[in-house]
């Protein structure tokens with residue numbers, strides 16, 4: 001192309017944008033362009049078509065980050081353009097009202113109220129904010145489990161070094177006899193100096209769901225606060241935070257709600273908001289306002305807008321319907337492998353103790369060897385887990401996963417277990 005034609009083409013592009021600035025500002029629901037589908041088989045087939053998937057391997061590691069379906073991705077791109085067009089005008093005039101709208105939608109999704117919900121960047125930020133901002137005194141005690149997430153455990157170690165807090169660490173069994181065994185495990189460590197217990201709603205390495213409401217009731221009878229790590233729960237299965245009566249709750253929305261990377265949820269019971277120091281200083285001096293704890297400076301605000309689209313998408317699917325599908329996928333492979341020689345299932349068998357995430361190990365193979373073999377020989381991507389009494393691979397399929405793909409995984413594991 002010569003210089004004259006190049007300049008002509010460039011000029012045409014500059015005066016003929018794909019979408020106008022006014023169109024960018026129009027709020028439209030993802031579900032406006034999606035069909036109503038009553039047949040479940042057709043629904044999951046349609047949902048799979050919404051994802052752009054690599055053909056190089058089968059992705060059974062959605063637990064780290066959920067791929068964004070294209071209907072949400074298209075809206076995200078539109079949000080990026082919208083914010084870019086308006087620049088500082090958006091930040092000064094639209095940011096606050098849009099964020100408040102998204103928080104209200106998020107609060108409704110998780111069964112709470114907007115005055116107890118904040119948007120963060122991930123579960124780590126939400127929970128570390130609470131741990132680091134808790135009013136610790138020397139000699140105070142905290143309780144958490146070996147199976148909890150690393151960055152939160154490390155934050156407890158930091159506050160131990162900084163304030164002289166004593167950390168008591170329990171180990172959650174992979175196959176508890178009943179809820180009471182779990183509750184009594186934490187209760188056994190409580191003393192008059194205990195101030196905070198951290199528990200998982202769903203343990204990230206095994207997928208085990210803990211009896212959160214019962215633990216909260218027990219802890220509160222001793223006057224102890226409870227912080228819940230729900231990193232894998234929002235958008236994964238149906239629940240209400242308010243029903244738990246917990247004090248603090250954190251989640252990563254870029255996992256099972258399938259928002260863009262960098263979206264998290266912070267819940268603080270309105271009676272505990274004034275108790276916590278903010279992670280970042282804020283001009284808001286109202287100690288009863290959760291927004292005082294939610295300041296993260298100038299950040300990619302288009303991500304916040306896309307949370308609304310992700311909520312709309314999951315409503316189009318149906319939260320209870322997605323939960324049923326996620327549990328079906330996990331039980332589809334785990335039930336077929338539970339009694340195979342050399343196979344160890346590290347996820348509880350009872351239906352109410354797990355959902356879409358499971359963990360499987362082999363007696364004749366280390367977790368890392370298992371994960372490498374699955375990927376190199378069978379083109380299946382997973383993640384190896386080898387700590388806190390859990391030896392195996394975490395298997396986290398998604399709504400785009402097919403039973404045909406899981407059949408390939410089942411055959412692969414059987415072959416590996418019997419070699």
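Conditions (1) crowded, with 19+ Cβ neighbours inside 10 Å; (2) touching a strand residue (DSSP E or B) at 6+ places or on another chain (Cβ under 8 Å), marked per residue:
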| site | (1), (2) |
| --- | --- |
| 208 | yes, yes |
| 218 | yes, no |
| 223 | no, no |
| 226 | yes, yes |
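Conditions (1) buried (at least 19 other Cβ atoms within 10 Å of the Cβ); (2) within 22 Å of the chain's Cα centre (by Cα); (3) assigned by TED's automatic domain parsing to the domain that holds residue 303, marked per residue:
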residue	(1), (2), (3)
74	no, yes, no
84	no, no, no
107	yes, yes, yes
126	yes, yes, yes
131	yes, yes, yes
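With the requirement that a residue be in contact with a helix residue (DSSP H, G or I) (Cβ under 8 Å, 6 or more places away or on another chain), farther than 21 Å from residue 307 by Cα and surrounded by 14 or more Cβ atoms within 10 Å (Cβ to Cβ), what does the stretch 29-60 give you?
Those that are in contact with a helix residue (DSSP H, G or I) (Cβ under 8 Å, 6 or more places away or on another chain), farther than 21 Å from residue 307 by Cα and surrounded by 14 or more Cβ atoms within 10 Å (Cβ to Cβ): 37, 43, 44, 57, 58, 60.
Before we move on, is residue 197 crowded, with 19+ Cβ neighbours inside 10 Å, more than 30 Å from residue 313 (Cα to Cα), in contact (Cβ under 8 Å) with a residue 40 or more places away in the chain and in contact with a strand residue (DSSP E or B) (Cβ under 9 Å, 6 or more places away or on another chain)?
Yes, satisfied.
Tally time: how many residues in the stretch 104-132 are touching a helix residue (DSSP H, G or I) at 6+ places or on another chain (Cβ under 7 Å) and in a helix (DSSP H, G or I)?
14
Considering each of 279, 257 in turn, give the residue that is closer than 28 Å to residue 65 by Cα, in contact with a helix residue (DSSP H, G or I) (Cβ under 7 Å, 6 or more places away or on another chain) and crowded, with 24+ Cβ neighbours inside 10 Å.
The unique qualifying residue is 257.
Name the residue, out of 384, 371, that is in contact with a helix residue (DSSP H, G or I) (Cβ under 8 Å, 6 or more places away or on another chain), free of Cβ contacts under 8 Å to residues at least 24 places away in the same chain and closer than 16 Å to residue 57 by Cβ.
Details: 371 fails: in contact with a helix residue (DSSP H, G or I) (Cβ under 8 Å, 6 or more places away or on another chain).
Among 384, 371, only 384 is in contact with a helix residue (DSSP H, G or I) (Cβ under 8 Å, 6 or more places away or on another chain), free of Cβ contacts under 8 Å to residues at least 24 places away in the same chain and closer than 16 Å to residue 57 by Cβ.
Which one is modelled with the highest pLDDT among residues in the stretch 284-300 that are touching a helix residue (DSSP H, G or I) at 6+ places or on another chain (Cβ under 7 Å) and surrounded by 20 or more Cβ atoms within 10 Å (Cβ to Cβ)?
290
Hey, can you tell me all the residues within the stretch 50-72 that are under 18 Å from residue 259 (Cα atoms) and either more than 24 Å from the chain's Cα centre (by Cα) or in a helix (DSSP H, G or I) (or both)?
Residues satisfying the conditions are 70, 71, 72.
The values are calculated or read from the model by the stated rules, or taken from the named source; none is laboratory data. No experiment lies behind these values; they were computed from the predicted model shown. Note: ideal-geometry Cβ built from the backbone for every residue, glycine included; neighbour counts use all protein chains shown.
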